[in-house]
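First the structure, in the form of structure tokens, and then the observations on it.
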Amino acid sequence: MTEPTDLSALSHLAPELARTIVSVASDIALVLDADGVILNVALQSPSAAAPIAGDWVGKRWSETATGETRSKIEQLLHEATVNGLSRRREVNHLSATGDDIPVAYAAVRLGKNGPVLAVGRDLRAIASIQQRFVETQQQMEREYWQHRQAESRYRLLFQVATDAVMVVDAESLSVVDANRAAAQLFDFPLDRLLGKSAVAGIEPQSRNAVEEMLATARANGRPAEIRARIIGKTTSASISAIPFRSDSKMLLLVRSRAIAADDPSAATPFAALVERIPDAVVITDSSGRILSANAGFLNLCAASGENSVMGKSLADWVGDLPSIIKDVRRHGIAPRVGSSIRAGGKRVGVEVTATLLEDQDQECIGFTIRRVESTHVDRNESIGDLAASIAKVMLRVGREALPELVGETTSLMERHVIAQALERCVGDHTGAAQLLRITAAQLEQKLRQHGLSDPASGFSDPASGFSDPSS
């Protein structure tokens, strides 16, 4: 190991050296004795550290630092004593205002028995720049994730929408994005639909009118709607456009829905259609808790607003949700499941389609819910549904283990028997429990297990039908 340079000749000049170094190359310089006591302080003027550094003379250097950095001072002194020169280390000093003053020090020993000269650079300007950088980065990350969440929500709703939906550039009227329903309606492969004119699938005699409607929505910034004919379709379609901005770019959300000749909504004004979208669309997490819901769902279940349903379980409104979720997680989709929904204190029949949505951040489930006319399901129809459900379970023989198939069949039978008991007793839980020869508590547990329990009334009408978990 190389012996350190003997600087003992400079030991008596330590205060002058400190002042000289501060004036040309640093912010602070300390002269310390062998025990680490401060003998002299030199500061570059002006310095924010001056009011407190002036009181350091006679104190140990370590006493001027915060608790977590005192060990660094001991290391600086040890290295200077042993090697003659220390590595550079950052120390935080206490200040009168309570804010720490970060200083980067290096120490040199002036001779074997001479004083130690510690030279420091105030890091507050650098720390301020670093802090602003971190805050800016955090703000950018927050904005990015807000944009990502909005985009993710848009994408999820896009996937489960049953109507044809396209995002159109408002200036060029070319298709920027589209869902599969749009590709099917206009008879284009999805990848070929992108980039085409928004009126490419419209019959020639209707194109000018549709283009004018899109231009009107773009110019006014308000929704517009028109009826037109689709190429190759025997029925007309309702085509609506809603303007919106994304990254300072004007876009149009174009929604197309084929209309049968006897569809009463054909004569419905567009404003009414916007206020009550026919299909309710809900996105939940994998357990069924609502992440987002459209106006159609809020209207269907008579909710006061999206905030009133966010974070709550969809099972609070839709019957048989556990069975639907189990089915969709197993098969990826649960198409057209008959169920019921609580709306304004009563239950109405609905048809539920659920799709498993694989997002990068979390697994979600998209539900489309459409109200259907209530029809009574008599005992023979219910038995037929049960037989069909069990038959579908049997189709999975060879693909799934026996215990799982038997367990699902047993669950279907048990649910059917409970529903029949409740129907015979007109919803009387006590009577149904006696009929089944189980306790009322056991029946309540079974109702929750099979999704037959209505959060509002404690009973789900068995006449509304039951879902087929094997659909």
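The values are calculated or read from the model by the stated rules, or taken from the named source; none is laboratory data. Computed from a predicted structure; not experimentally measured. Reconstructed Cβ throughout: ideal geometry from the backbone, glycine too, with neighbour counts over all protein chains shown. Side chains included, ligands, DNA and RNA excluded: accessible areas come from the protein's heavy atoms. Shrake-Rupley method; radii C 1.70, N 1.55, O 1.52, S 1.80 Å.
Given the condition at pLDDT below 80, assigned to a helix (DSSP H, G or I), of a type in the set (Asp, Glu) and surrounded by fewer than 19 Cβ atoms within 10 Å (Cβ to Cβ), answer yes or no: does some residue in region 261-275 qualify?
yes
In region 64-100, what residues are open to solvent by less than 10 Å² (accessible area, probe 1.4 Å) and in a strand (DSSP E or B)?
Result: 65, 91, 93.
Considering only residues that are over 11 Å from residue 170 (Cβ atoms) and in a helix (DSSP H, G or I), which ones fall in region 217-257?
Of everything in region 217-257, just one residue is over 11 Å from residue 170 (Cβ atoms) and in a helix (DSSP H, G or I), namely 220.
Please indicate, with yes or no, whether at least one residue in region 308-315 is open to solvent by 50 Å² or more (accessible area, probe 1.4 Å) and either aliphatic (A, V, I, L, M) or assigned to a helix (DSSP H, G or I) (or both).
Yes, region 308-315 contains a residue that is open to solvent by 50 Å² or more (accessible area, probe 1.4 Å) and either aliphatic (A, V, I, L, M) or assigned to a helix (DSSP H, G or I) (or both).
Could you grab me the full set of residues in region 175-193 that are open to solvent by 30 Å² or more (accessible area, probe 1.4 Å) and among the polar types (S, T, N, Q)?
Within region 175-193, 184 is the sole residue that qualifies.
Any residue in region 451-471 that is at pLDDT 70 or above and assigned to a helix (DSSP H, G or I)?
For region 451-471, residues at pLDDT 70 or above and assigned to a helix (DSSP H, G or I): absent.
Every residue in region 225-249 that is of a type outside the set (Lys, Arg) and within 15 Å of residue 207 (Cα to Cα), please.
225, 226, 228, 230, 231, 232, 236, 237, 238, 239, 240, 241
Select from region 194-251 the residues that are open to solvent by 80 Å² or more (accessible area, probe 1.4 Å) and charged (D, E, K, R) and write down the one among them that is modelled with the lowest pLDDT.
Going through the qualifying residues, I end up with 247.
State all residues of region 107-143 that are open to solvent by 40 Å² or more (accessible area, probe 1.4 Å) and either of a type in the set (Ser, Thr, Tyr) or within 13 Å of residue 73 (Cα to Cα) (or both); if no residue qualifies, say none.
The answer is 128, 136.
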